[in-house]
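To keep things clear, I will list the structure first and then write my remarks on it.
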Amino acid sequence: MDTVDHTEFAELLAVYSLDALPPDEVSVLESHLADCPRCRAELESLRDVAALLGNSGVSAPEGTWDRIASELGVAPADQPVPVLAFQSRRRPPVWRNAAIAVAAAVLVVLGLLSYRMVNLDNRVGQLQASLGERGVGQLVNQAIENPASRNVELTAKTSSARAHVVVLPDGTAYWVDDDFAALPAGHTYQLWALASGKVVSLGVLGPDPHDVPFRVEPAMTLLMVTAEPAGGTPVPTTPVVAQGAVSV
Amino acid sequence: MNRDLANASDVTLAMAISRWDQEALAEVYRRNAGPVFGLARRVLGDAAVAEEVVQEVFLRLWHEPGRYDPERGSLRTFLLSQVHSRSVDMLRSDTARRQREVRDARSTASGQYDVEHEFLDIAVAEGVRDAMGVLQPGERSAIELAYFGGHTYREVASILGEPEGTIKSRIRSGMRRMQSSLAAKGLAVGKMQPAEENP
């Protein structure tokens with residue numbers, strides 16, 4: 001990046017950090033930012049300053065949260081819902097005289113669950129991507145060194161396969177590592193928990209997992225891992241590779 | 001639920017939100033809604049519209065948690081940045097209102113920032129007050145009009161009757177001065193590039 005660019009863009013970065021750059025100048029700066037880590041770093045610094053200016057101590061109006069919460073509950077049709085909630089609906093009602101209707105309902109439910117599972121994994125994957133490999137690794141190290149954390153070992157009944165999970169008191173957990181064989185392309189390890197008698201998905205781990213964050217809820221008593229098609233499945237479709245008791 | 005979200009980190013909360021945990025979003029709201037609403041109201045000058053923006057920003061976090069990058073800063077900074085940007089967009093989309101506010105701003109261009117009464121965190125309040133204190137009067141007016149008034153730098157130049165290049169320079173130098181002051185108190189984590197650009 002040459003000197004002219006930085007001198008020229010330096011003033012624009014400060015203006016941009018205050019959202020005060022006219023729209024016709026924004027695209028020019030943003031295209032430069034896409035290629036210039038130095039300017040991006042400076043912009044982040046300037047945005048920190050701007051955020052402190054805007055950090056006032058008023059209270060939000062009463063009822064605002066209620067209105068937000070009501071929007072969460074009336075999600076659009078393609079909106080995934082919490083894992084625990086949708087897993088509780090995975091067994092459709094069975095009517096003796098409506099076998100065709102049941103079959104159709106099962107297909108619809110499984111299709112919806114598959115879609116939601118992919119969406120769930122996309123959401124978690126996005127955050128993991130934004131955290132970056134180094135960021136998750138640091139968090140895992142901090143969790144391991146945290147005296148309040150607990151180690152959970154997942155073991156196999158018929159082999160020596162083992163996996164190491166660390167769980168913090170607030171339910172934050174990390175798949176640290178394992179000695180599982182890496183899966184071929186198109187497959188992934190998927191983590192499950194037993195919660196109140198139901199098997200719920202905690203997300204996919206990837207074909208060769210390490211440093212994967214997930215969350216343990218108080219109702220969960222057992223962690224299990226299976227090998228599944230890439231993207232994960234709504235319910236386990238293969239035998240459990242390893243399992244271990246957990247609690248928060 | 002017995003989970004102790006009250007002490008959870010931003011990363012933990014963001015991870016929980018990515019798994020559709022409404023309690024985690026409620027905790028993020030509890031911690032940040034006040035400042036987020038305060039900034040929207042200050043920029044928009046209308047509590048009802050500000051509340052709409054607050055709802056929009058939190059719902060966007062719910063639907064797109066991956067937009068938050070924990071390595072770049074706190075959730076508070078992220079949400080304030082989001083709400084400011086959205087508030088300014090709304091302000092600029094309302095042409096008649098905009099013209100009225102530009103007119104009003106001409107007569108009240110300075111002395112708008114009552115920092116002593118608006119900050120929740122005393123350490124932050126003192127840090128920001130000190131940082132504002134190091135600004136030259138022209139820098140302060142330009143930054144206040146741009147940030148809290150939601151004006152472009154060209155509009156700020158028109159309001160203050162100064163050349164556009166002067167306003168850009170003042171915003172730049174003022175932000176640098178504040179960043180140095182805040183950094184000295186450990187309040188701004190970012191690092192600015194060396195002052196006079198490249199050798």
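The values are calculated or read from the model by the stated rules, or taken from the named source; none is laboratory data. Just so you know, these numbers come straight off a predicted model, no measurement behind them. Neighbour counts are summed over all protein chains in view; Cβ atoms, including those assigned to glycine, are modelled from backbone coordinates with ideal geometry. Heavy atoms of the whole protein, side chains included, go into the accessibility calculation; ligands, DNA and RNA do not. Shrake-Rupley method; radii C 1.70, N 1.55, O 1.52, S 1.80 Å.
Numerical summary
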item	result
Peptides ranked, highest mean first, by Cβ atoms within 10 Å: ranges B:133-146, B:157-170	B:133-146, B:157-170
Per-residue ³J(HN,Hα) for segment A:152-158, Karplus 6.51 cos²θ - 1.76 cosθ + 1.60, θ = phi - 60°, Hz, x for Gly and Pro	10, 10, 9, 10, 9, 7, 10
Neighbouring partner chain Cβ atoms per residue of B:9-16, average, 10 Å criterion	5
10 Å Cβ neighbours from other chains, averaged over peptide A:217-228	1
Segment B:39-54 - phi-based ³J(HN,Hα) in whole Hz, Karplus 6.51/-1.76/1.60, Gly and Pro as x	5, 4, 5, 5, 6, 8, x, 8, 5, 5, 5, 4, 5, 4, 5, 4
Between B and A, accessible area buried - total, square angstrom, nearest 100, 1.4 angstrom probe	6900
Over segment A:150-239, relative contact order from alpha-carbon pairs under 8 Å, at least 6 apart, %	27
Integer Hz, Karplus 6.51/-1.76/1.60 couplings in order for segment B:139-153, x for Gly and Pro	5, 5, 4, 5, 5, 5, 5, 6, 7, 8, x, x, 8, 6, 5
For A:Ala60, distant residues with modelled amide H under 5 Å away	B:Gly34
Amide H contacts of A:Leu205 (H built 1.01 Å from N, under 5 Å, at least 5 apart or other chain)	A:Tyr189, A:Gln190, A:Leu191
Gain on full stretching of the segment that runs from B:Glu71 to B:Val134 - 0.36 nm per residue minus C-alpha separation	19.7 nm
Residue-averaged beta-carbon neighbours from other chains (10 angstrom radius) around B:37-44	4
Buried on assembly, segment B:148-181 (at least 50 Å² less accessible surface than by itself, 1.4 Å probe)	B:Tyr153, B:Arg154, B:Lys168, B:Arg172, B:Met175
